[in-house]
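Shown next, in structure tokens, is the structure this report addresses.
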Amino acid sequence: MTSSVPSHGAPDWRPSISIVEHVVVDDEGRTLTEPLREDIRLLGGILGDVVREHSGAETFDLVENARIAAFRIRRAEIDRDELADMFTDLDIGVALPIIRAFTNFALLANLAEDIHRERRRSLHVRAGDAPQDSSLAATYAKLAAADLPDAEVGRALADATVVPVITAHPTETRRRTVFEAQNRITELMRFRGRTELTPDEDAEVVEGIRRQILTLWQTALIRLERLTIQDEVRAGLRYYDASFFDVVPAINTKVRAALREAYPEAGLADDPMIRMGSWIGGDRDGNPFVTDEVVTLATSLAAQTAVAHHLSELRLLTQELSMSARLIDTDAGLLELAGASADDPTADEPFRLALRHIRSRLGATAAEMFGAEFLASLDQVVFDGTQAYATADELLADLDVVDAALRDNRDDSIADDRLARLREAVRTFGFNLSGLDMRQNSDMHEEVIAELFAWAGVHPDYRSLDEDARVRVLSAELTSRRPLVRPDAELSELAIKELGIVRAAAAAVATFGPQAVPNYIISMCTSVSDMLEPMILLKEAGLIDVDAETGKTVSTVRIVPLFETIEDLQQGAETLLAALDLPFYRELVAGQADMQEVMLGYSDSNKDGGYMAANWALYRGELDLVEAAEKAGIRLRLFHGRGGTVGRGGGPSYDAILAQPPGAVQGSLRITEQGEIIAAKYAEPVIAERNLETLLAATIESSLLDVEGLGEESEDAYANMDEIAALARTAYSALVHETPGFVEYFTTSTPLSEIGALNIGSRPASRKQTEKISDLRAIPWVLSWTQSRVMLPGWYGTGAAFEQWVGESPERLATLQRYYEKWPFFRTVMSNMAQVLAKSDMGLAHRYAQLVPDETLRDTVFGMIVDEHERTIAMYSKITGTDDLLADNAALKRSVYNRFPYLEPLNLLQVELLRRFRAGDDESRVRRGIQLTMNGLATALRNSG
């Protein structure tokens, strides 16, 4: 296809083809989605009534007319200009409620879609259909069909661990109040859908929904003040009471029981497969607001959340286990735990006595950790001076005594209820709740270490040394027990801050256990010295030491290099092997169960080289790391730094994990959960259970089954992808890195500069004060292109690469078609790209392009974007054999078809308000209107940054 862009980017430009034409919904699809449309009609109708009642008929009529016009635009019945003209110079007092209406509708539509997915899954289960892929039931069936020996399962799943890591990369713009109102509406909608109601009862439920929607309408959707890190810490912890405490222990228990039943000789451990991690409060890469006080707060609040949960469950257990010694045979171990004897008349309720003793000990633990004020804030905690628990394992041992006593009394069903959940919760969450990762940029480490070495007389100018010399100096210090600096050392503000942070981490480890701070991640890691420099800081804080007897370097904190750019991914294995060649570092890894973790950066590699080049660099990098780990005789665990959007590694988790290369998932992985994805996946138990099951199912399958599917064709496929990725990077770089004025086009055609005012996170938009693309954070880079509906990070360069590589060769096209059919990596890359293309809209993107003052620049860059967009869709169609971009994603197809027209007014109003703001209209309501449109679009698109 050719571009339809006329010279000078004339306003009457139209895309040569509508994306909706690439989203095919047939009669069967419409029938299946009728319950969803009924829910949307109900919720939208109530919202419309609220708008009319509280903002007036005029506002309601404008909203309704905009809605009707948006659908007519989709059906090509009217020109987009007609809707845009409705908003031109519209009074801001009128525009704001229109924006709020469409934003609240997006919230409600998301809710309806989630409920519809639940409904569809329930129908499949009740119909007796085969388990759906990505469920544990389907995984167990695949394992059974593979007829794997127990020993193989045991080896593959030894120390199996799946860790979702909650991060404060906040494209999630919802306030907690909004979050809670949505949850209440969800529960009411579920109740209405699952219960036979009389007309009066149904009316009562609908009225309850109406009250919540009214509350939403009258609740401010955006914050007046920017989030602090303290706010982010507390926001991350809310998901434990919302879902994690209910769901994570239950899944850990269920998967362990199922695997042990199927593979009784596998020797599977009691350790939980799912554990939780966090970056909130420990990630200071580019965030100047992380301090030692923040680290202390994050680790303390996490521990308080865990201990408070355990105490609450113990209180309920004490109420429930009322068995009388007159009616049961009392276990001697239980009596010993309770501090009573069999003939003691006060020991008539031995389980209650034992549980009160356990609760008293845990109360003493809480008092030691957090002080008397925390203990006093908890309901009915009895602390009678009993000895505190030193570790969570001691608490678990006491609970095991209670469990054994119940089972001896043939009360297995009681033992398998609340007590089983609490025992699993103690295994999973301990006293620390989750592991707080520390992260900092390698440039900062270099600066601080140079200062410390100069102060201590190690070397006057460390930064002048070449790599070999740096490694020698660092190695000498890391094999010595001496500290570098005294407490009274006169250091820079940066050095004092960095040392304070790692000392706060050491204090958390001493108080809450090694799992409180399990990892130290080095951003932009390019060399061995980058890996060693933070070890000096950890050594100063006592988190790394040299054993006095053996002389070996030891630590409970893992050193995790983060390879982010394409070059770093290509050289990652070489860097890792060079570090492991250092005897003291190899000893360190040996002391950590021979496990080396490596983090992979999806965001910066994409920003660096584009979608296809980044995806292939990650795959190739993983293959090299797997080979390096085998060569070094260690186990490798990969940590995937994925964002919500496809441009930052997003997309369905199950497909993404199965698309990993052979050997990359060895029973364990860690994965970041970011932004609006956290709420989408974990806001309440039903959805959280499904998403955590998905992570486990994919991890187990990838560890035990051959999922790559290439066989002997793998080396040829890798070589072909090397060529395609190089072509894609060249095409991407020609636009992003080589086109004069591209940065100006990007900053003026998107709401980049306005994103900083959205108050959605504590972190600045750029690592440095610069206009370079390389220094811009990935979130605003992706969010800006998403808001303007270009979605450039999720596809640009791919069409050109395919077109050039295939040329006129039917054989090469057939090769790509074969990869799409049999290679999960390639299919996932294509599927994720298609999702992005389905959400893009060049007609709307052209509206944003009109914000670029330089007409020549506008025509040049936008013309390149449109040409590549059409080229990419054409090549997708040739390779996959379908014009339907969402043929393999029914849920997104429903969303695009049923409600994407509702985004049209938000985009058009955003462009209108950006035009006014940049023309000098600095009224606070105009700024707020821009922020509200960004909020609405981020909500509606779901994975926006």
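The values are calculated or read from the model by the stated rules, or taken from the named source; none is laboratory data. Values in this document were obtained by computation on a predicted structure and should not be read as measured data. For neighbour counting, all protein chains shown are included, and Cβ atoms are generated from backbone atoms with ideal geometry for every residue, glycine included.
Data table
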| quantity | calculated |
| --- | --- |
| Any chance THR526 is assigned to a helix (DSSP H, G or I), surrounded by fewer than 22 Cβ atoms within 10 Å (Cβ to Cβ), of a type in the set (Val, Ile, Thr) and touching a residue at least 60 places away in the same chain (Cβ under 8 Å) | no |
| Single match in ARG190, ARG211, ARG176, ARG184 (criterion: under 26 Å from ASN287 (Cα atoms), surrounded by fewer than 17 Cβ atoms within 10 Å (Cβ to Cβ) and of a type in the set (D, E, K, R)) | ARG176 |
| Residues of the stretch 789-813 that turn out to be assigned to a loop (DSSP other than H, G, I, E, B) and crowded, with 17+ Cβ neighbours inside 10 Å, as a count | 6 |
| Qualifying position, being touching an Asp or Glu at 6+ places or on another chain (Cβ under 7 Å), part of a helix (DSSP H, G or I) and not aromatic (Phe, Trp, Tyr), among THR786, THR828 | THR828 |
| Hits in the stretch 702-736 - residues which are outside any helix (DSSP H, G or I) and either under 13 Å from THR815 (Cβ atoms) or free of Cβ contacts under 8 Å to residues at least 24 places away in the same chain (or both) | LEU710 |
| Residue within the stretch 774-785 that is modelled with pLDDT under 95, surrounded by fewer than 21 Cβ atoms within 10 Å (Cβ to Cβ), charged (D, E, K, R) and touching a Phe, Trp or Tyr at 6+ places or on another chain (Cβ under 6 Å) present | no |
| Candidate set: the stretch 264-286, residues that are in a loop (DSSP other than H, G, I, E, B) and of a type in the set (A, V, I, L, M, F, W, C); chosen: the one surrounded by the fewest Cβ atoms within 10 Å (Cβ to Cβ) | ALA269 |
| Residue within the stretch 218-232 that is assigned to a helix (DSSP H, G or I) and surrounded by fewer than 22 Cβ atoms within 10 Å (Cβ to Cβ) present | yes |
| Residue that is farthest from ALA632 (Cα to Cα) [pool: residues in the stretch 553-581 that are part of a helix (DSSP H, G or I) and of a type in the set (A, V, I, L, M)] | ILE566 |
| Filtered residues of the stretch 818-846 (kept if modelled with pLDDT under 95 and charged (D, E, K, R)) | GLU821, LYS822, ARG827, LYS839, ASP841 |
| Those residues of the stretch 466-496 which are farther than 11 Å from SER529 by Cα and aliphatic (A, V, I, L, M), in sequence order | ALA476, LEU478, LEU484, VAL485, ALA489, LEU491, LEU494, ALA495, ILE496 |
| For PHE584: the one exception among (1) part of a helix (DSSP H, G or I); (2) crowded, with 23+ Cβ neighbours inside 10 Å; (3) touching a strand residue (DSSP E or B) at 6+ places or on another chain (Cβ under 6 Å) | (2) |
| Qualifying position, being at positive phi and assigned by TED's automatic domain parsing to the domain that holds ALA728, among GLY843, GLY881 | GLY881 |
| Residue match in the stretch 274-295 (condition: within 25 Å of LYS142 (Cα to Cα), out of contact with any strand residue (DSSP E or B) (no Cβ under 6 Å at 6 or more places or on another chain) and among the charged types (D, E, K, R)) | no |
| Qualifying positions in the stretch 573-632 - within 20 Å of the chain's Cα centre (by Cα) and of a type in the set (Gly, Ala, Ser) | GLY601, SER603, SER605, ALA614 |
| Residue that is out of contact with any helix residue (DSSP H, G or I) (no Cβ under 9 Å at 6 or more places or on another chain), part of a loop (DSSP other than H, G, I, E, B) and either within 30 Å of VAL598 (Cβ to Cβ) or touching a residue at least 24 places away in the same chain (Cβ under 8 Å) (or both), where the choices are ALA158, ALA151, ALA168 | ALA158 |
| Boolean, ILE92 is out of contact with any His (no Cβ under 8 Å at 6 or more places or on another chain), at pLDDT 65 or above and not aromatic (Phe, Trp, Tyr) | yes |
| Any helices (runs of 4 or more DSSP H) falling wholly within the stretch 389-495 and containing at least 3 residues that are under 38 Å from the mean Cα position of the chain (by Cα) and under 30 Å from VAL546 (Cβ atoms) | 392-408, 442-456, 467-478 |
| Which numbered condition ALA593 fails, given (1) in contact with a helix residue (DSSP H, G or I) (Cβ under 9 Å, 6 or more places away or on another chain); (2) touching a residue at least 40 places away in the same chain (Cβ under 8 Å) | (1) |
| Residue list for the stretch 737-766, restricted to those being modelled with pLDDT under 80 and assigned to a loop (DSSP other than H, G, I, E, B) | GLY756, ALA757, LEU758, ASN759, ILE760, GLY761, SER762, ARG763, PRO764, ALA765 |
| Scope the stretch 894-945; condition assigned to a helix (DSSP H, G or I), within 30 Å of PRO652 (Cα to Cα) and of a type in the set (Ser, Thr, Tyr); matching residues | SER895, TYR897, TYR902, THR933, THR939 |
| Residue within the stretch 55-70 that is within 33 Å of the chain's Cα centre (by Cα), farther than 30 Å from VAL707 by Cβ and either surrounded by fewer than 17 Cβ atoms within 10 Å (Cβ to Cβ) or modelled with pLDDT of 90 or more (or both) present | yes |
| Counted residues, the stretch 437-482 - those being surrounded by fewer than 16 Cβ atoms within 10 Å (Cβ to Cβ) and free of Cβ contacts under 8 Å to residues at least 60 places away in the same chain | 13 |
| Selected residue (only one of GLU549, GLU597 is under 25 Å from ALA510 (Cα atoms), surrounded by 19 or more Cβ atoms within 10 Å (Cβ to Cβ) and charged (D, E, K, R)) | GLU597 |
| Check on THR699, under 30 Å from ARG916 (Cβ atoms) and at pLDDT 85 or above | no |
| Qualifying residue in the stretch 313-329 (condition: buried (at least 18 other Cβ atoms within 10 Å of the Cβ), out of contact with any Lys or Arg (no Cβ under 9 Å at 6 or more places or on another chain) and free of Cβ contacts under 8 Å to residues at least 60 places away in the same chain) | yes |
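Residue-by-condition table, conditions (1) part of a loop (DSSP other than H, G, I, E, B); (2) outside the structural domain of LYS839 (by TED's automatic domain parsing); (3) out of contact with any Lys or Arg (no Cβ under 7 Å at 6 or more places or on another chain); (4) modelled with pLDDT of 95 or more:
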{"position": "ASP624", "(1), (2), (3), (4)": "no, yes, yes, yes"}
{"position": "TYR654", "(1), (2), (3), (4)": "no, yes, yes, no"}
{"position": "ILE657", "(1), (2), (3), (4)": "no, yes, yes, no"}
{"position": "VAL665", "(1), (2), (3), (4)": "yes, yes, yes, no"}
{"position": "THR672", "(1), (2), (3), (4)": "no, yes, no, no"}
{"position": "ILE677", "(1), (2), (3), (4)": "no, yes, yes, no"}
{"position": "ALA688", "(1), (2), (3), (4)": "no, yes, no, no"}
